[in-house]
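K.L.:
Pasting a structure here, questions to come.
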Amino acid sequence: MKLDVVIPTYNRGTLLRKTISSLLNARVPAGLDVRIIAVDNNSTDDTKAVINEIAATSNLPVTYVFEKRQGRSPALNAGVTVATGDLIGFIDDDEEIDASWYETILAAFTENDVDFIGGPYVPRFEGDVPEWLPKSHTAVVGIVDGGDKVVPFDKSYPGILMGGNAVFRRETLERVGPYSTALGRSGTRLLSCEDEDMYQRLMAAGARGLYLPQLIVYHFIPRERLTKRYHRSWCFWQSVSSAVLDRIRPQPIPYVMGVPRYFYGRALRGMFSMVSVWEPESRFSNELSLWELAGFFYGKHFYRSE
């Protein structure tokens, strides 16, 4: 079985070196051939030099791909186009895989009838964790924890498949199509929802997936993400992204002025709670519900994709 691991990257040469090193140092089990595909998404730092330097001495094949169109989705799609493996995996350029990552992948696809798998993101904080950091918004800093049991990705799973730690059968990606280029981070824009869109299409296609707690990546969380300003911006743009996705695939729920009604209820409860609750984490979590409402309204009525 052959696995191509795609890494979309943009101006993170130092972190990328650690990411690729973790892929080179993890245990590769017999029966699995691994190739690394690093997609340079129009970087202006030393990204290309880092990839070529590693490729020259690597114990695994490392392929450099340049994708000029800015955005995580175009970079992912460029990696898939180059990939030739039976399996295609995705990790981000600020992550390192666990030493058993490849072993988990081979076992999952040889012992189960599955089309895709995903796993947790274990945080590695650069700075001290502030007391106000809301546990209700762990996605802001990129923490994924689906529990300690193997469970299917289905309607009962409390989340979605996140593309920074995911592996697909090639035929499954061909069946559901590429990542949406109308969604996803592009440069400094905090757009997202490309993973949510892909997950919805996987479910609609009847694809079978498993969340595997042992499929671990370690996610670097820099100090700048541990600020209230970053959280406000992320929640606003996450909701803008949700509104863009909503145009493509509206939800079968009540709307008020183009916004799902539950956004208003959540924001209203947040406003009342901000007056009566002074505990830092809860108070800030309530404030973020207002930014989410504002983001969805802006995304639905004013934002236009490039």
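K.L.:
Which Cα, out of Thr227, Gly164, Ala207, lies furthest along the positive dipole direction of the range 152-261 (beta carbon charges, K/R +1, D/E -1)?
P.N.:
Final value for the positive-end residue is Thr227.
K.L.:
On average, how much accessible surface per residue is there in the chain, in Å², for a 1.4 Å probe, leaving out ligands, DNA and RNA?
P.N.:
Counting only protein heavy atoms, the per-residue value for the chain is 46 Å².
K.L.:
Take the alpha carbon gyration tensor of the range 85-127, find the square roots of its eigenvalues, order them as a ≥ b ≥ c, and report rounded if a/c is under 1.5; if not, report prolate when a/b exceeds b/c, else oblate.
P.N.:
Note, shape of the range 85-127 comes out prolate.
K.L.:
Using a 1.4 Å probe over the heavy atoms of the protein chains, calculate the carbon and sulfur portion of the accessible area of the chain as a whole percent.
P.N.:
55
K.L.:
Right, here's the next one. Using +1 at the C-beta of Lys and Arg and -1 at the C-beta of Asp and Glu, which of Ala55, Ile143, Val80 has the Cα lying farthest in the positive direction of the dipole of the range 37-176?
P.N.:
Val80
K.L.:
Turning to a different aspect of this structure: Which of the three applies to the range 42-195, rounded, prolate or oblate, going by the alpha-carbon gyration tensor with a ≥ b ≥ c and a/c under 1.5 meaning rounded?
P.N.:
The shape class here is rounded.
K.L.:
Residue-wise, which Karplus ³J(HN,Hα) couplings in Hz belong to the range 163-175, taking 6.51 cos²θ - 1.76 cosθ + 1.60, θ = phi - 60°, and x for glycine or proline?
P.N.:
Along the range 163-175, the couplings run x, x, 7, 8, 9, 10, 5, 4, 5, 5, 5, 5, 6 Hz.
K.L.:
Share of antiparallel DSSP beta bridges in the chain, in percent to the nearest 5?
P.N.:
Bridges in the chain are about 40 percent antiparallel.
K.L.:
What lysines sit close enough to Lys135 to cross-link, taking a C-alpha to C-alpha distance under 25 Å and skipping anything fewer than 8 places away on the same chain?
P.N.:
Those lysines meeting the cut-off are Lys149, Lys155, Lys228.
K.L.:
Under 24 Å Cα to Cα from Lys2, which lysines show up? Leave out anything in the same chain fewer than 8 places away.
P.N.:
Cross-link targets: Lys18.
K.L.:
Taking 0.36 nm per residue of sequence separation and subtracting the Cα-Cα distance, how much length would be gained by fully extending the chain between Arg27 and Gln214, in nm to one decimal?
P.N.:
So the extension gain works out to 65.9 nm.
K.L.:
Starting from the Cα of Asp128, step 7 Å along the direction of its Cβ; do the same at Thr14; then give the gap between the two resulting points in nm.
P.N.:
Going by the 7 Å Cα→Cβ label model, 2.2 nm.
K.L.:
Taking θ as phi - 60°, what are the ³J(HN,Hα) couplings along the range 140-156 by the Karplus curve (6.51, -1.76, 1.60), each to the nearest whole Hz, with x for Gly and Pro?
P.N.:
4, 9, x, 10, 10, 9, x, x, 9, 10, 6, 9, x, 7, 8, 5, 8
K.L.:
Here is a further query. Here are labelled values, (i) 46, 19, 16; (ii) 33, 21, 20; (iii) 30, 23, 19, and one is the computed semi-axes √(5λ) of the Cα gyration tensor in Å for what I pasted. Which one?
P.N.:
Comparing each candidate, only (ii) matches the computed number.
K.L.:
Just want to confirm a number: the relative contact order over the chain, from Cα pairs under 8 angstrom separated by 6+ residues, in percent.
P.N.:
Taking the mean separation of contacting Cα pairs over the length of the chain, I get 20 percent.
K.L.:
Be a star and scan the range 275-294 for residues whose amide nitrogen sits under 16 Å from the point 7 Å along the Cα-to-Cβ vector of Lys228.
P.N.:
275-292
K.L.:
Would you work out if the range 95-177 is rounded, prolate or oblate? Take a ≥ b ≥ c from the square roots of the eigenvalues of the alpha-carbon gyration tensor; rounded if a/c is under 1.5, else prolate when a/b is larger than b/c, oblate otherwise.
P.N.:
Prolate.
K.L.:
Averaging sequence separations of C-alpha pairs under 8 Å and six or more residues apart, then dividing by the length of the range 1-84, give the relative contact order as a whole percent.
P.N.:
In percent, rounded to a whole number, it is 37.
K.L.:
Once amide H atoms are built 1.01 Å from N in the peptide plane, which residues 5 or more positions from Asp33, or in another chain, come under 5 Å H to H?
P.N.:
Lys2, Leu3
The values are calculated or read from the model by the stated rules, or taken from the named source; none is laboratory data. The structure displayed is predicted, hence computed values, not measured ones. Cβ atoms come from the backbone with ideal geometry, glycine included; neighbour counts cover every protein chain shown. Side chains are part of the model used for accessible areas, which takes the heavy atoms of the whole protein and leaves out ligands, DNA and RNA. Shrake-Rupley method; radii C 1.70, N 1.55, O 1.52, S 1.80 Å.
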